[in-house]
């Protein structure tokens, strides 16, 4: 496996949509506590026991989702006062590195543990995989972009994780851009007809067209496409498609059958973007764990 690179830029925590961390924390805890109680923790942990939860990376990667994990703990603790982040989203982290510490009643720490780690490991896995793709095409001018192949309810967070890894977002949903795919072409009666239909209905919407052949590429360019998605084309065909599009100022995006080991070859054809669904639908979770230590009593901890 190739080493995990430092992303070109750190994604700012402010890039998280407002309220997203708190909403995901609420949903995750509601799912885990559907029965209302944590039977194991209530039975094994004294009510007055306090602890320090140390969130630690077990393998190298790129961090994403720490504010969301913090929101899970804060929801159980009643505030963010006991949460101390040591790292930040977008950071490259090493195995054994401390990412955050959370201090509070041990019952609350353990109840929040799995919900927080599920989100943090999943999103960090996406950021880590994205960083590998970005490194693979570094210097070519091509951009790594995600797709709509995301988990329901987690799209905004997963696309944020892509940005943490140095990638870029494609459309956020069906509402913000038009992407004419093969089935739309069939239903509309051809590439040109599909583009005309979109332009007539939504003249100001960005319009991208999926093409399978060079004939379709030429038709899309002549019909006024802004960006052409080149689907499942070999390297020679990709180069030929770029030669059709570039002189007309039409941007290109390779899609379908892309793998990390051939990403640089695909980028070398001159395409502007590589569309990689695997960033979100196949990223392995980054191994991050919680180590619990006993905290000093509250009065001792707060004394001079």
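The numbers here are math on the coordinates, done by the rules we state, and not lab data. Small disclaimer: the values here were computed from a predicted structure and weren't measured. Cβ atoms come from the backbone with ideal geometry, glycine included; neighbour counts cover every protein chain shown.
Given R₀ = 45 Å, what would the calculated FRET efficiency be for residue 239 paired with residue 87, taking r from the Cβ atoms and rounding to 0.05?
Calculated value: 0.60.
Highest first, please rank the peptides 263-269, 70-76 by the mean number of other Cβ atoms sitting within 10 Å of their residues.
Answer by packing, highest mean first, reads 70-76, 263-269.
Is the shape of segment 199-274 best called rounded, prolate or oblate, per the rule: a/c under 1.5 gives rounded, else a/b larger than b/c gives prolate, else oblate, with a ≥ b ≥ c the square roots of the Cα gyration tensor eigenvalues?
Prolate.
Based on the mean of other Cβ atoms within 10 Å per residue, sort peptides 215-225, 59-69, 165-175 so the most packed one is first.
59-69, 215-225, 165-175
Please work out the C-alpha center-to-center distance from segment 91-111 to segment 132-161 and express it in whole Å.
Taking the Cα centre of segment 132-161 as reference, the centre of segment 91-111 is 26 Å away.
Of the DSSP beta bridges with both residues in the chain, give the percent that are antiparallel, rounding to the nearest 5.
Taking every DSSP beta bridge with both residues in the chain, the antiparallel ones total about 50 percent.
Hey, what did the chain get for relative contact order, percent, Cα under 8 Å, at least 6 apart?
Once divided by the residue count of the chain, the mean separation gives 22 percent.
Over its Cα atoms, what ratio of radius of gyration to 2.2 N^0.38 Å does segment 137-281 give?
1.02
What percentages, rounded to whole numbers, describe P(r) for segment 136-219 computed over all alpha carbon pairs with 5 Å bin width beginning at zero?
All Cα pairs, binned at 5 Å, distribute as 3, 13, 18, 18, 17, 16, 11, 4, 0 percent.
At 0.36 nm per residue, and after removing the present C-alpha to C-alpha distance, how many nm does the segment from residue 15 to residue 174 gain when stretched out fully?
Full extension of this stretch gives 55.1 nm more.
Estimate the FRET efficiency between residue 294 and residue 259 by the formula 1/(1 + (r/R0)^6), using the beta-carbon distance for r and 45 Å for R0, to the nearest 0.05.
So the FRET efficiency works out to roughly 0.40.
So what is the calculated 222 nm ellipticity per residue for the chain, using -39500 (n - 2.57) for each DSSP H run with n of 4 or more, over all residues, to the nearest 500 deg cm²/dmol?
Calculated from helices alone, the mean residue ellipticity at 222 nm is -12000 deg cm²/dmol.
Here are some values of Rg and Dmax of the Cα atoms in Å: (1) 23.2, 78; (2) 20.7, 66; (3) 18.9, 58. Which one was computed from this structure?
(1)
Would you mind computing, in nm to one decimal, how far apart the modelled labels at residue 151 and residue 196 are, each placed 7 Å from Cα along Cα→Cβ?
Those two pseudo-labels are separated by 4.5 nm.
What percent of all Cα-Cα pairs in segment 93-196 falls in each 10 Å bin, counting up from 0?
With 10 Å bins starting at 0, P(r) equals 12, 29, 28, 19, 7, 4, 1.
For segment 78-146, rounded, prolate or oblate, judged on the Cα gyration tensor with a ≥ b ≥ c (square roots of eigenvalues), a/c < 1.5 rounded, else prolate if a/b > b/c?
Verdict is prolate for segment 78-146.
Kindly state, to the nearest 0.05, the FRET efficiency for residue 95 paired with residue 282, given R0 = 22 Å and r defined as their beta-carbon distance.
0.45
Using the number of other C-beta atoms within 10 angstrom as an exposure proxy, rank 119, 238, 129 with the fewest first.
So the ranking, lowest neighbour count to highest, is 238, 119, 129.
Roughly how many nanometres apart are two label points built 7 Å out from the Cα toward the Cβ at residue 182 and residue 32?
4.2 nm
Going 7 Å from the Cα of residue 232 along its beta-carbon direction, which residues of segment 144-171 have the amide nitrogen within less than 19 Å of the resulting point?
Zone members listed by number: 147-149.
Which shape class applies to segment 1-154: rounded if a/c is under 1.5, otherwise prolate when a/b exceeds b/c and oblate if not, where a ≥ b ≥ c are the square roots of the Cα gyration tensor eigenvalues?
The shape class here is prolate.
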